[in-house]
Amino acid sequence: LCMAMERTYIMAKPDAVQRGLVSDIIGRFEKKGYKLVALKLVKPARSLLEEHYDSLKDKAFFPSLMDYMTSGPVVAMVWEGKNVVATGRTMLGATNPLESAPGTIRGDFSIEVGRNICHGSDSVENAEREIKLWFGEGTIDWSSHSQGWIYE
Ligand code: DGT
């Protein structure tokens, strides 16, 4: 139980909130065995999203991405666990739902890349950057009684 634990930033996008899919997204991470260390409903400012998606600012779809992401509240979360950055991305499925496998969150609940319902950090470095951006120091350390039944 002393292994270094990763953290990742997971976000239910405005369409997930509108469509009532938040509990499915949270439930998959919870049931997998990952530990929730931060969660909030937030209507993000355009400036926050511009920083979050800074690497995409020259893409043709960036304005529509900003309109989509500012269209309503999102659920921002931080999940902790072994290899949670890469495994979290696997759980979300491919960015384009046309390519996401059935059984993944996007594969099961979405059809188009511009309405792909969730976000997950793509590297440990980006996870740290995104967690700081969305939560600052506002994550919570707590001891989970089930860790001994999830990790050997
Ligand atoms: P995420 O988790 O939302 O950051 O998505 P990633 O990391 O799987 O994919 P990324 O960072 O290349 O793209 C971020 C979001 O931008 C993606 O979830 C949906 C949108 N997006 C990406 N590529 C396209 C595209 O070709 N067309 C449109 N309309 N949106 C796109």
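Things worth noting here:
- Looking only at residues of the range 39-60 that are within 14 Å of the ligand (Cβ to nearest atom) and among the hydroxyl-bearing types (S, T, Y), we find that the one that is farthest from the chain's Cα centre (by Cα) is S55.
- Helices (runs of 4 or more DSSP H) (entirely within the range 1-102) containing at least 3 residues that are touching a residue at least 60 places away in the same chain (Cβ under 8 Å): 14-18, 22-32, 46-52, 84-92
- Every pair of residues 6+ apart whose Cβ atoms lie under 7 Å, when the first sits in the range 124-152 and is closer than 23 Å to K31 by Cβ while the second is hydrophobic (A, V, I, L, M, F, W, C) and open to solvent by 30 Å² or more (accessible area, probe 1.4 Å): Q147/L1; G148/L1; Y151/L1
- Just one of the listed residues (G88, G114) is of a type outside the set (A, V, I, L, M, F, W, C) and under 16 Å from M5 (Cα atoms), namely G88.
- Once the range 66-81 is narrowed to residues that are open to solvent by 20 Å² or more (accessible area, probe 1.4 Å) and farther than 20 Å from I131 by Cα, the residue that is nearest to the ligand (Cβ to nearest atom) is D67.
- Condition broken by C2, with the remaining ones in (1) at pLDDT 95 or above; (2) out of contact with any Lys or Arg (no Cβ under 8 Å at 6 or more places or on another chain) satisfied: (1)
The values are calculated or read from the model by the stated rules, or taken from the named source; none is laboratory data. Remember, predicted model here, so these are calculated numbers, not experimental data. Ideal geometry is used to build each Cβ from the backbone, glycine not excepted, and the neighbour counts take in all protein chains shown. Ligands, DNA and RNA are stripped out before the accessible areas are found, and what is left, the full protein with its side chains, is counted by its heavy atoms. Shrake-Rupley method; radii C 1.70, N 1.55, O 1.52, S 1.80 Å.
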